[in-house]
1. For the range 1-86, calculate the relative contact order in percent as a whole number, restricting contacts to Cα pairs under 8 Å that are 6 or more residues apart.
2. Compute the acute angle (0 to 90°) between the alpha-carbon long axis of helix 91-114 and the principal axis of greatest extent of the alpha-carbon atoms of the chain; round to the nearest 10°.
3. At a Förster radius of 22 Å, what calculated FRET efficiency corresponds to the Cβ-Cβ distance of residue 95 and residue 70, to the nearest 0.05?
4. With a point put 7 Å past each Cα toward its Cβ, work out how far residue 35 is from residue 113 in nm, to one decimal.
5. Of 56, 71, 120, which is farthest on the positive side of the dipole of the chain, counting Cα position, with +1 on Lys and Arg Cβ, -1 on Asp and Glu Cβ, and the Cα centre as origin?
6. Could you work out how far helix 37-59 tilts from the main Cα principal axis of the chain, as a 0 to 90 degree angle to the nearest 10?
7. What does the charge count near residue 120 come to, summing +1 for each Lys or Arg and -1 for each Asp or Glu among other residues with Cβ under 15 Å from its Cβ?
8. Kindly express, to the nearest 10 degrees and within the range 0 to 90, the angle between helix 17-28's C-alpha long axis and the longest C-alpha principal axis of the chain.
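Readers should treat all values here as calculations from the given coordinates under stated rules, not as data from a laboratory. Quantities reported herein were computed from a predicted structural model and do not represent experimental measurements. Ideal geometry is used to build each Cβ from the backbone, glycine not excepted, and the neighbour counts take in all protein chains shown.
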Amino acid sequence: MEHTYQYAWIIPFLPLPIPMLLGVGLLLFPTATKNLRRMWSFTSVLLLSIVMTFSVNLSIPQINSSSVYQYVWSWTINNDFSLEFGYLIDPLTSIMSILITTVGIMVLIYSDNYMSHDQGYLRFLLI
């Protein structure tokens with residue numbers, strides 16, 4: 001299970017390409033992007049579901065209350081002080097990750113059905 005913690009950085013970054021591609025598509029190909037708006041919402045829900053599955057997979061070892069800290073990059077100013085960038089996965093982090101991704105999926109599905117006939121639907125997906 002220790003191998004899955006190496007990929008915990010994927011959780012915040014996996015859903016990001018969809019709004020970025022949607023924004024570029026609206027700038028370059030507005031008509032085609034508006035015609036394919038259901039496809040954009042499906043891929044958003046799919047990527048967020050993958051992130052939720054990954055969050056659940058990361059939280060399974062937390063039943064034993066083992067926390068993992070993995071630093072990604074260390075920046076040393078002088079010999080006495082070191083600033084490390086990384087991530088900590090403990091029981092609270094794993095529960096919050098599952099909660100946020102589950103609520104995000106539910107909001108995205110509800111708002112997709114609620115705003116399906118609205119003209120500003122794609123602007124909503126960008127935000």
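1. 28 percent
2. Rounded to the nearest ten degrees, it is 0.
3. Result of the calculation: an efficiency of 0.70.
4. If labels sit at residue 35 and residue 113, their model points lie 2.8 nm apart.
5. Positive-most Cα among the choices belongs to 120.
6. Here the helix axis deviates by roughly 20 degrees.
7. Net local charge, residue 120 excluded: +1.
8. 40 degrees
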